[in-house]
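Novice: Once you've had a glance at the structure underneath, I'll fire off some questions.
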Amino acid sequence: MPGLSLLLAVVALGLISIFLRRLRHNLPPGPKPAPLLGNLHQHPKSLQWLHLYHWSKKYGPVMHLSMGGQPLVILSTHQAAHDLLSKRSVRYSDRPRMVMAGELVTKGMHMLLRPYDEWYRLHQRMEAPHLNLRSASAYRPLQDMESRQLLFDVLHEYSEVGAKGVDFHHHFERAMASFIYCVNYGYRLKTGYEQELMDGKRVQAEFARTGQVGAYLVDSFPSLNYLPKALAPWKKEAEELRNSPSILGILADANLDTSTVALDWFIVAWITSGSRWVAKAQSLLDEVVGRDRLPTFEDRPKLAYIDAIASETLRWRPVVVGGVPHFTMTEDTYMGYHIPANSIVLANGFAITRDESVFGGDVDNFIPERWLADENGHNMNMNKEPAMARMLWAFDVEAGVDEKTGQRHKVDDMDCTEGFVKLPKLFRAEMRPRGQRVRDVILRSGTTHDIDHAEVLSRTSRERR
Ligand code: HEM
């Protein structure tokens, strides 16, 4: 019966190919695309993260959008992000072609915007020894120095401006930048207005703006880049950006905005919902530390609640809310859906940090207690946690008084800037020392700019070996 076997084989092959075709068309759900444009016209130009969050409620953990034919896959639960970006990282670690930010502006030199190749992996291997837990503890003397300086600077400005409030963003930025510049380049920043920092910030702001998915048409249609300069205004813009001075390295870049902005959101949470958690944190600090010395790293095992506040800050207002785009060059299947080859894959940060199966209920509110059951600490907190503990120990915080109206600034906890890193709209905050004893300790601790940081750095590098 060779004829029958042949017939069966043909039928089986036919069925398999129909099945594969079905599977291939079984894209994850998403908003209905228009011909040619796909979802390009629906992709929001502002508050993308909030739109993606709302869409994820409607379309589920894995969503598909077409950006003029370019597949964009959005992962909106912890499970989906972990399954693909972490467990299948070999397949998902590439980066999409970012013509504007990655090629024209940074010429393939920025780690977050370049392909995942040997060069990239070499970079990762070079960074790894600086980012593990052992290194993190070797940086403690520097963190101690910068967080002491932070208290001193805030107290100093408060004594001058009183209820008008201090420019806390500036103080956080100086402290975080000074720490990372000291580790990376060997010098500290005294005022936070140094030219090197100003240049670095400008470059970083441009990177954030030009690196957003959908920000430039040429990113969706790379062939547009063959147009002559006269018809391609982005080329002139890229040239100007490329000519601006930059000393940023990935590590400085990675720490600068992220840690500062997390501390800014911590102050927003303090002002808008602190009545629920600040008193608890401060009475713990009074009990463990007292008011006659600064909190130190040795106190940390007894200050789990402060760690929880740091983690909750990152969850409540994720700083890199839209994630950094990943890219997959081969097709894949997940939850029965077809993930096409050459998809841009984004972790939907605002949705993931509101994943009730991981974080429990009431996800829009700032509730540090949700972290206490789960010892989930990681060293992203390394630079912020000491600053947070010391700020809570040192000050009572309220929104500053607007000199024009005589009223305190209204602080809206959803009011934020656009861009890769999401900053709260800035305002001044009154930061009153918690009594004379606290004030005396900060003044006695004094400025740290007279410390020999080169000696501290060489001690740090000896300890890392
Ligand atoms: C609030 C603090 C921080 C946040 C929110 C943050 C967020 C992120 C995100 C979203 C990425 C992209 C991950 C991806 O590929 O999907 C990233 C990458 C990276 N971050 Fe951070 N980061 C923070 C602090 C730091 C610090 C303190 C350092 C080191 C000093 C650092 C070093 C890096 C490096 C080296 C990468 C590239 C990793 C790689 O591709 O191998 N980050 N960060």
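Novice: If a/c stays under 1.5 just call it rounded; otherwise compare a/b with b/c (prolate if a/b is bigger, oblate if not). Do that for the stretch 340-462, with a ≥ b ≥ c from the square roots of the Cα gyration tensor eigenvalues.
Specialist: Here the stretch 340-462 falls in the oblate category.
Novice: Between the stretch 90-113 and the stretch 20-78, what is the C-alpha centre distance in whole Å?
Specialist: If you average the Cα positions of each part, the centres end up 22 Å apart.
Novice: Shifting gears a bit: Please list 3J(HN,Hα) in residue order for the stretch 26-41, calculated via the Karplus relation 6.51 cos²θ - 1.76 cosθ + 1.60 where θ = phi - 60°; whole Hz, with x for glycine and proline.
Specialist: Those phi angles translate into 7, 6, x, x, x, x, 5, x, 8, x, 6, 5, x, 9, 3, 5 Hz.
Novice: While we're looking at this one, here's another question. Straight-line reach from Lys190: which lysines fall under 22 Å, measuring Cα to Cα and dropping same-chain residues less than 8 apart?
Specialist: Lys201, Lys384
Novice: Which lysines have a Cα lying under 18 Å from the Cα of Lys57, excluding residues fewer than 8 positions away in the same chain?
Specialist: Lys32
Novice: Oh, and also: What number, in percent, do you get for the relative contact order of the chain if the mean sequence gap of Cα pairs under 8 Å and at least 6 apart is divided by its residue count?
Specialist: 25
Novice: Give me, ordered by chain and number, the residues 5 or more places off Ile339 or on other chains with an amide H under 5 Å from its own placed amide H.
Specialist: Asp332, Thr333, Tyr334
Novice: Can you pull out the chymotrypsin sites (Phe, Trp or Tyr not before Pro) in the stretch 162-214 whose DSSP state is coil and whose Cβ has at most 15 other Cβ atoms within 10 Å?
Specialist: Answer by residue number: Tyr187, Tyr193.
Novice: What lysines does Lys164 reach when the alpha-carbon gap must be under 18 Å and sequence neighbours fewer than 8 apart in one chain are set aside?
Specialist: Lys404, Lys410, Lys425
Novice: If you filter the stretch 394-427 for GluC sites (Glu not before Pro), then keep DSSP loop positions with at most 12 other Cβ within 10 Å, what is left?
Specialist: Glu403
Novice: Angle, helix 453-464 long axis vs. longest principal axis of the chain, Cα atoms, 0 to 90°, nearest 10?
Specialist: Compared with the principal axis, the helix lies near 50 degrees.
Novice: Amide H of Gly38: which non-local residues (sequence gap of 5 or more, or other chain) have their own amide H closer than 5 Å, using H built in the peptide plane?
Specialist: So Gly38 has HN proximity to Gly68.
Novice: Right, something else. Residue by residue through the stretch 262-273, which ³J(HN,Hα) values in whole Hz follow from phi under the Karplus form 6.51 cos²θ - 1.76 cosθ + 1.60 (θ = phi - 60°), with glycine and proline marked x?
Specialist: Calculated HN-Hα couplings, in order: 4, 5, 4, 5, 4, 5, 4, 5, 4, 6, 8, 9 Hz.
Novice: Report, in debye and to the nearest 20, how large the dipole of the stretch 35-464 comes out about its Cα centre when Lys and Arg carry +1 and Asp and Glu carry -1 on their Cβ.
Specialist: 360
Novice: Amide H neighbours of Gly400 under 5 Å, counting only residues 5+ apart in sequence or on other chains, H built in-plane at 1.01 Å?
Specialist: The list, which skips near neighbours in sequence, is His409, Arg428, Ala429, Glu430.
Novice: Find the Rg to Rh ratio for the chain, where Rh is the Kirkwood radius over alpha-carbon pairs and Rg uses the same atoms.
Specialist: Numbers: Rg = 25.1 Å, Rh = 24.5 Å.
That ratio equals 1.03.
Novice: Write down the percent of antiparallel bridges among all DSSP beta bridges whose residues are both part of the chain, to the nearest 5.
Specialist: The antiparallel fraction comes to roughly 85 percent.
Novice: Roughly how tilted is helix 385-394, in degrees to the nearest 10 and between 0 and 90, from the longest Cα axis of the chain?
Specialist: 40
Quick note: the coordinates plus some simple rules give every number you see, no bench work behind them. All of these numbers come straight from a predicted model, not from anything done at the bench. Cβ coordinates were reconstructed from backbone atoms using ideal geometry, including for glycine residues, and neighbour counts include every protein chain displayed.
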